Each structure stands twice: as C-alpha cells, then as structure tokens.
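Report on one structure; see the data block that follows.
The values are calculated or read from the model by the stated rules, or taken from the named source; none is laboratory data. What you see is a predicted model, and the numbers here were worked out from it, not measured in a lab. Please note: Cβ atoms are built from the backbone with ideal geometry, for glycine as well, and neighbour counts cover all protein chains shown. Side chains included, ligands, DNA and RNA excluded: accessible areas come from the protein's heavy atoms. Shrake-Rupley method; radii C 1.70, N 1.55, O 1.52, S 1.80 Å.
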Amino acid sequence: MATFNGERYITQQLSSILQQLNVEDEVIVVDDNSSDETLARISEIDDSKVKIIENQTNIGPIKSFEKAILNSHGSIVFLSDQDDLWMANKVSDVMKAFMDPQVMMVVHDAIVTDKDLNTVNESWNHYNGNHFSAGLGSIVLKNKFTGSMMAFRRSIETKVLPFPAEIPMHDWWIAVVCLQEHYKIVALPAKLMKYRRHDSSVTGHGHNFFKMLKGRYQLIISLLALRRE
C-alpha cells in the first residue's frame, strides 16, 4: 500500500484488510511524505502485521508501490489503495484462484462509491469499460487493469521491477508485462471491494493530452526494451 495524506480513510481501509489476514501475512505501507495525520492513524492500529516505511521526500505513487513490493515477502502480492474498503471475502476468493499454479495474476470487479461509500455504480468493470480478454495492443491504448483490484505471484517481480521511468502508472505496466509474457490471468466477476472515487484520489483522474501520449509512448518503448532482454 502507498499512502499520501489519507488520514480520513486509512483506518477503515486497514481494518478491512487486517481482519481477513493470517498471522504470517504482512501489510507493507509506504507513506509518501504525508503532511497530515496519516502516519498517526496507522500507528494507532496495534497490529504487528503492519510495517511502515516513510519516504523522506515525495516520490509519487509509482516509486512508492515499487518500494512496497520490494519490501514485501509473501508469495502472493496484493496491491491496495489507501481509501477503499475490502469485502470480507476478498483475500480468500483471490487465493482460491491462485490454487492453479499456472495463474500469475488475479483481478476482480468492485462496487464504485463516492467518498462516503454511497454506490455510484454496481460495477467498476462496466463503469471503466474493462475487457480483460482484450489484446496487448488494446491494453497499451487504455489501461483496463486497476492495481487495487490486482494480486500477482512474487515470481513475476523480476519481470516487472524496477518500474521504467515515466510509465503512466504501475498497474498498467504490470498488466502489459503479464500480457506480453503470456502469463495466465484470471478475472473474477465478483465485486470484492468498494472503490472510492473522490476529488482527492491520487489515481484515476484525467490527465493532460500530451502527457497521456508521452506515457503511452514510454510504455511501448519500455515493452520493446523488455523484449530485447
């Protein structure tokens, strides 16, 4: 998990995660130099599974998630935003899909809500136009994978890290690498999370057109470089 000025939601989100973890699990939180009480709220949670890493300067969500992944130890890595709410069966349902040893990534649907968890749309996949069966070219044009609804095997870490400079977003890169490598991806139809959409969300909002073009260009260049390795 990467956090930044998330004091309003972080306690509720961490509670929804921790209640479904086992004793050997861990929650790696990389705080990106928050200026509010995010760290204080996390510290109030008395659970040894939560491990906090504090960035001394703001390095952004991509590098913060990279740091979180590098500092995690589990064989299955779940990505999490700071402001959502996991359903009580999210971890168990995702882990069932990983019982197939060929599965490298699992994604799922979510209920879209406003900041107060009022439902905006019953399906994020419908809301965002996600089609996970689309080819690599389609995914390069539009990201259909959302990090907070994604889990993957530790074994793909060497392929996806370090995140290339100037890619649009970490989840997009992980998805296109998995598709390029022909890894088996399972898309669960279940809505295993409430996905908050609000003005202070770090990801998921519109960007400058030229920045978007540059991001897609960098994504393609990075994929080509990966193929040459």
For this session: Within region 5-56, track down each residue that is in a helix (DSSP H, G or I) and open to solvent by less than 40 Å² (accessible area, probe 1.4 Å).
Result: ILE10, GLN13, LEU14, SER16, ILE17, LEU18, THR38, ALA40, ILE42
Seminar exercise, completed: Here the residues within region 67-96 that are among the hydroxyl-bearing types (Ser, Thr, Tyr) and either closer than 13 Å to GLU26 by Cα or not in a helix (DSSP H, G or I) (or both) are SER72, SER75, SER80
Problem set entry | Close pairs (7 angstrom Cβ cut-off, 6 or more residues apart or separate chains): within 16 Å of ILE174 (Cα to Cα) and in a helix (DSSP H, G or I) in region 125-142, of a type in the set (Val, Ile, Thr) and at pLDDT 80 or above anywhere | LEU136/VAL176; ILE139/VAL176; VAL140/VAL176
Exercise. Can you find even one residue in region 67-77 that is at pLDDT 95 or above, of a type outside the set (A, V, I, L, M), crowded, with 21+ Cβ neighbours inside 10 Å and within 24 Å of GLN20 (Cα to Cα)?
Worked result: no
Exercise. Can you tell which of MET104, MET99 is open to solvent by 20 Å² or more (accessible area, probe 1.4 Å) and touching a Phe, Trp or Tyr at 6+ places or on another chain (Cβ under 6 Å)?
Worked result: MET104
Seminar exercise, completed: Residue hits (region 143-161; touching a residue at least 40 places away in the same chain (Cβ under 8 Å), of a type in the set (S, T, N, Q) and surrounded by 14 or more Cβ atoms within 10 Å (Cβ to Cβ)) are THR146, SER148
Exercise. For SER64, are the conditions met, namely being under 29 Å from PRO162 (Cα atoms), hydroxyl-bearing (Ser, Thr, Tyr) and outside any loop (DSSP other than H, G, I, E, B)?
Worked result: yes
